[in-house]
Amino acid sequence: MRTVILVMLYMIAFQPANAADEMTLPINQRIENIIRDLKQQGRFELPLNSENKNTFLVGRNYRIENCRNYPYHNQPDARSGFMTLKNDLKQGLKKGLQCLAGMSETGSLHPYHEKQLLDLLDILESDQTRTLRCVEDEMFAYAVAKPPSDQQQNKTTRNIPYPALVIDTYRISGFISGKHEPGVYREFFKLDDRQIDQHLNGKPQKLKGMHQYKNRSGLIFHEVVHWLGHEHTNISPDVVFLYETCCFGGSDFISDENSNRHFQQQACSILKDDELWEANNYKQMRLWKHKEYNQLKRTMREQYD
């Protein structure tokens, strides 16, 4: 009888918490639980196949689809790409969530951002399936998120239920597209016939000056923030841009450490501005321009390598 009681107590203690229970936990514990969930080994929905159409299931309802070539088409085996993306997601969520919670070296932000954090935790703790899909040479963007209301009807995310994000492994690898006519490669990219044949029929070309995205965890958190419904804008606070710049150390397109540190500090200062975040939407737009916060993106782009 004693053995039966002990087994029952063990099962109760270690059964998964539901979303309602998790919402009553301290923020640091909720973040820790999300990260622990992504530390699980995961499993493939079906055995790996040669067509690159596979689904890797991780933790509570994370689906990683078609990502054997993530990130740069140089993985040693078919499984490694999925594991790399899982780890990038884990690192991105850990760093980003801790930053919004004031648990990083950036310090406490305005309480508005804690509300954004709580809304994001609700999404990450829900029973909704969260999909991360890889595509190859299908987008101009490095990655695209499926927002709550997909008004633009992006063809890449149209058939994926919210919340989801799509990563183009050609773009983050820095490859040029393989969908142009041969004359475009010859005249615009200055490739000779041998290079064109190799690009179209072999391994895609990466030319000098083409950007290979390095801060992948920052990119992923950037897209996850879009799940809250935030869009990019320059007439009012762009929290997606500010979060990535502040929480992940500047821009992936700027190699100079001093410049990145300066831009990071600027973004963090904006996120701590009481006057801005306590204003209504109309006043926020005025402050955004009056304080010249709208110039930060432009100034950073001028520093791109």
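Of note:
- Selected from Phe175, Gly218, Leu242, residue furthest toward positive end of dipole (region 154-244; charges at beta carbon): Phe175
- Residues in region 155-184 reached by a label modelled at Gln195 [backbone nitrogen below 20 Å; 7 Å Cα→Cβ]: 170-184
- Over the chain: helical MRE at 222 nm, DSSP H runs n ≥ 4 each giving -39500 (n - 2.57), nearest 500: -13500 deg cm²/dmol
- Of Ile160, Ile176, Ile196, the one that fluctuates the most in a GNM where the chain has Cα springs shorter than 10 Å: Ile196
- Set Lys179/Lys206; Lys214/Lys272; Lys155/Lys214; Lys39/Lys272; Lys95/Lys291; Lys90/Lys214 screened for pairs whose C-alpha atoms are more than 20 Å apart: Lys214/Lys272; Lys155/Lys214; Lys39/Lys272; Lys95/Lys291
- For the chain, a Kirkwood hydrodynamic radius built from all Cα pairs, placed in the Stokes-Einstein relation at 4 °C and 1.567 mPa s, yields a translational diffusion coefficient of 61 µm²/s.
- Each residue of region 128-145 was assigned a 3J(HN,Hα) from its phi angle through the Karplus expression (A = 6.51, B = -1.76, C = 1.60, θ = phi - 60°), giving 5, 6, 9, 9, 10, 10, 9, 10, 10, 6, 10, 9, 7, 7, 5, 7, 9, 9 Hz with x at Gly and Pro.
- DSSP bridge analysis restricted to the chain gives an antiparallel fraction near 55%, rounded to the nearest 5.
- Relative contact order computed over the chain (Cα-Cα under 8 Å; 6+ residues apart), in percent: 15
- Amide H contacts for Tyr142 (H built 1.01 Å from N in the peptide plane; partners 5 or more residues away or on another chain; cut-off under 5 Å): none found.
- Across all directions, the shadow cast by the convex hull of region 73-217 built on its C-alpha atoms averages 11.7 square nanometres.
- Amide hydrogen neighbours beyond the local backbone of Leu191, cut-off 5 Å, H modeled: Arg186
- For Tyr62, distant residues with modelled amide H under 5 Å away: Arg130
Any read-out appearing in this document is the output of simple, stated calculations on the displayed coordinates, not a laboratory observation. None of these values were measured; they are calculated from a predicted model. All Cβ positions, glycine included, derive from the backbone under ideal geometry; neighbour counts span all protein chains shown.
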